Every structure is written in C-alpha cells, then in structure tokens.
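Structure first, then comments.
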Amino acid sequence: MFPLSAQEVTRLRSQIVTSKPVEGRGGRRYQLHAFTEQGVAMLSSVLRSEAAVRVNIEIMRAFVRLRRAAIASEQVMALVEDLSKRVETQDAVIADIVESIRQIVEGSGSSRTRPIGFTADLELDQ
C-alpha cells in the first residue's frame, strides 16, 4: 500500500466524485492510499469472507486488463513510429521524383540547336 500524490487525488476526485473541501467542510480528512497488485494478493490471503475474495478476484482481473492494455499501447506506439519513419522516407522519395519531373519539364522548353532525327540537308552541308 502506498499514499497517493496530490495530483492523483485530484484526478480521482474528478472520476469518483468525492467532495471538494469548502471552508473547512467536506473533502477527505485523511490521506488516500492505494494497493499495488501484490498488496491486493496479500490482502486476499488475509481476508476470508466470500465477498472479500470475490472483490479481490475482480481487482486482480482489473490489474491483468491494465497490464494487457499497457502492452497493447506500447505495440500500437511502435507501429505508429514505424509508419512515421516510412512516411518520412516516402516523402523524401516523392520529393526527388517531383524534382526530377520539374527538371525534365523545364529542360524540354529550351531551344535545340539541331532537330531530332535524320535530315538530308544537314548531312550534305558537312
């Protein structure tokens, strides 16, 4: 079991609608504490009532779901990073292609000194 920080208490207050201290009335009179997963497991070995055991089982299942969500979140973030790197690489390649096309288009507008292909007049002059 460990004490919650002031920021964690504020977050909990907005989630579970605990009263806010106003002019000395309402609010918590003591510091809030939370159990770790191991603390809940130890608590379930001490408490013997059927209701306590059921509640502790549900809490342990919640810890398992949180752990799975954290792992899934890490995997999603890794995929996002990978996609981001791919997009950056593809953007660079596309920019190179666009620049090459631009150079080709700008180069085709210049006047040529000689026509393309065979012409009989040029062959006789030389």
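The values are calculated or read from the model by the stated rules, or taken from the named source; none is laboratory data. Since the structure is predicted, the reported quantities are computational estimates derived from the model, not experimental observations. Glycine also receives a Cβ, built like all others from the backbone with ideal geometry; neighbour counts cover every protein chain displayed. Ligands, DNA and RNA are excluded from the accessible area calculation, which covers all protein heavy atoms including side chains. Shrake-Rupley method; radii C 1.70, N 1.55, O 1.52, S 1.80 Å.
One decimal place: the segment D96-M77 gains 3.9 nm when fully extended, by the rule 0.36 nm per residue minus the C-alpha distance. A probe of 1.4 angstrom, applied to the heavy atoms of all protein chains, finds I101 with accessible area near 90 square angstrom. When the Cα positions of I97, V64, V80 are compared along the charge dipole of the range 49-113, V64 comes out farthest toward the positive end, with charges on each C-beta of Lys, Arg, Asp and Glu.
For the residues R67, R61, a 1.4 Å probe over the protein chains yields an accessible-area ranking, largest first, of R61, R67. Full extension of the chain between A70 and L32 gives 11.2 nm of extra length, using 0.36 nm per residue less the Cα-Cα distance.
The stretch between F63 and Q7 holds 18.0 nm of extra length on full extension. This uses 0.36 nm per residue minus the Cα-Cα distance.
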